[in-house]
1. Tell me, which residue of segment 424-443 that is β-branched (Val, Ile, Thr) and in a loop (DSSP other than H, G, I, E, B) is nearest to residue 355 (Cα to Cα)?
2. Name the single residue, out of those in segment 377-403 being touching a strand residue (DSSP E or B) at 6+ places or on another chain (Cβ under 8 Å) and part of a loop (DSSP other than H, G, I, E, B), that is nearest to residue 173 (Cα to Cα).
3. Scan 41, 91, 25 and give me the residue that is among the acidic types (Asp, Glu) and closer than 18 Å to residue 112 by Cβ.
4. What number of residues within segment 50-75 are closer than 23 Å to residue 117 by Cβ and touching a Pro at 6+ places or on another chain (Cβ under 9 Å)?
5. If I go through segment 282-305 residue by residue, how many of them are in contact with a Ser or Thr (Cβ under 7 Å, 6 or more places away or on another chain) and free of Cβ contacts under 8 Å to residues at least 60 places away in the same chain?
6. Report yes if residue 414 is of a type outside the set (A, V, I, L, M, F, W, C), part of a strand (DSSP E or B) and surrounded by 21 or more Cβ atoms within 10 Å (Cβ to Cβ), otherwise no.
7. Mind telling me which of the residues 216, 194 ends up being assigned by TED's automatic domain parsing to the domain that holds residue 368, without any contact (Cβ under 8 Å) to a residue 12 or more places away in the chain and of a type outside the set (A, V, I, L, M, F, W, C)?
8. Pick out the one residue from 367, 371 that is touching an Asp or Glu at 6+ places or on another chain (Cβ under 9 Å), at pLDDT below 95, over 30 Å from residue 281 (Cβ atoms) and not hydrophobic (A, V, I, L, M, F, W, C).
Amino acid sequence: MSRDAIENPACHRRRLRRLFAELGDGVLLLPTAREQHRNGDVLQEYRPGSDFHFLTGFPEPEAVLVASRRGARQHTVLFVRPRDPAREIWDGPRYGVRGAASAFGVDEALPVQELWRRLPELLQGHVRLFHRLGVDRDFDHRLLDLFAAQAVKHKRRQPAAHPVIEDPVPALARLRLAKDADELEALRRAALITAAGHHAAMVAARPGMFEYEVQTVVEGAFRRSGSPRNGYPSIVASGKNACVLHYHDNDRRLRAGDLLLIDAGAEFHGNTADITRTFPVSGRFTPPQAAVYRAVLKAQLAGIRACRLGAPWDAAHKTCIRWLTKGLVELGVLRGDVGRLVAKEKFKPWYMHGTSHWLGRDVHDVGAYVGSDGKPERLVAGAVLTVEPGLYFGAGDRRVPAALRGIGVRIEDDVLVTRAGPEVLTAAAPKTIAEVEAACRRS
């Protein structure tokens with residue numbers, strides 16, 4: 001069966017109860033992600049929708065969750081593809097209706113072909129429908145057609161054509177922002193797998209290799225440790241390529257004296273880690289490289305310390321900006337008072353991105369950043385965010401000393417907010433200059 005299957009009925013029933021505790025009575029209608037064509041008749045690798053998988057653990061496409069609550073009574077129905085021996089010869093085994101009912105803790109499982117026939121019955125007596133419109137337009141059209149048909153069928157009684165439709169995604173996002181014990185276990189495993197991949201790259205990388213060869217080292221380590229896929233496309237950027245924030249060609253040959261920036265994360269049980277490390281291909285940082293690296297590392301460590309319970313979510317960013325600006329002064333790139341330089345955003349030519357984002361089932365995970373009052377949201381216990389400052393000096397940038405040109409450094413870790421203070425989930429990945437150089441010298 002699919003490695004995306006999470007057979008944990010108690011966990012998923014608990015999550016649904018928590019969701020309905022916030023939503024109130026009504027019916028939740030949630031389809032999983034659709035299969036997508038890559039080209040011709042070739043499909044993209046399938047991954048279940050994040051919200052759907054969070055609530056069900058069910059891994060297969062063409063599935064729909066219909067869950068309801070009325071008072072103290074909660075009822076869940078999972079519509080799935082039935083078993084099909086002919087198709088399973090080609091695509092592999094399916095859970096089918098019986099398997100879905102027994103493995104995933106739902107009250108009923110039914111063939112997905114029955115969804116539109118059974119949905120009026122499941123909606124009966126409910127005045128609220130929790131469903132996000134606009135994500136799957138074909139699904140929404142079927143839903144609206146169903147409402148129209150029901151209105152015609154019962155026109156003599158002139159009932160409401162459909163329940164009040166409310167978007168459940170904000171409530172789901174709040175629920176997913178503070179990770180429960182099962183998600184934290186998956187994130188810790190993803191972090192360890194990812195750290196091992198980055199360490200393997202430091203050990204293996206040598207002048208003369210291509211970036212994509214190092215990529216295979218990282219991702220091979222992920223797969224051997226049980227990760228079914230990356231959480232996002234790997235960035236393996238050597239030399240001046242490290243100054244391209246979302247570089248994905250990964251085809252340059254590594255040269256002696258290069259830095260190699262790798263931004264890669266493994267997914268495990270639907271959750272992804274997100275680590276960036278920058279290290280010297282030849283095994284040792286040059287003095288200018290080390291100076292830039294130290295400036296970024298000081299900023300990153302200060303940013304991590306700022307991730308305290310109740311702090312504004314952007315506290316790490318503001319902290320890192322100040323430390324990076326101080327570093328730019330020490331590197332001879334900027335001159336003047338650090339506070340004034342920060343106020344005038346003089347750092348932006350060399351640090352142009354944000355420092356943090358939420359992390360979980362999506363690499364840029366759900367969760368609000370700004371509240372209804374326009375102020376930054378506060379960090380809550382169980383939230384996980386990245387801290388990833390960097391400095392990027394283009395090869396042709398004449399505003400900086402010649403020794404710094406072509407150097408790009410980013411350092412990124414995943415930080416769990418706890419009542420006892422920030423916990424770095426990705427601490428196993430070498431990070432200090434001594435740790436990085438020691439890993440690079442191993443053969």
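The values are calculated or read from the model by the stated rules, or taken from the named source; none is laboratory data. All values derive from a computational prediction rather than experimental measurement. Glycine also receives a Cβ, built like all others from the backbone with ideal geometry; neighbour counts cover every protein chain displayed.
1. Filtering first and then ranking leaves 426.
2. Ranking the candidates gives 383 first.
3. After ruling out the rest, the residue left standing is 91.
4. Final tally of qualifying residues: 9.
5. The number of residues fulfilling the criteria is 1.
6. yes
7. 216
8. Criteria check complete, one pass: 371.
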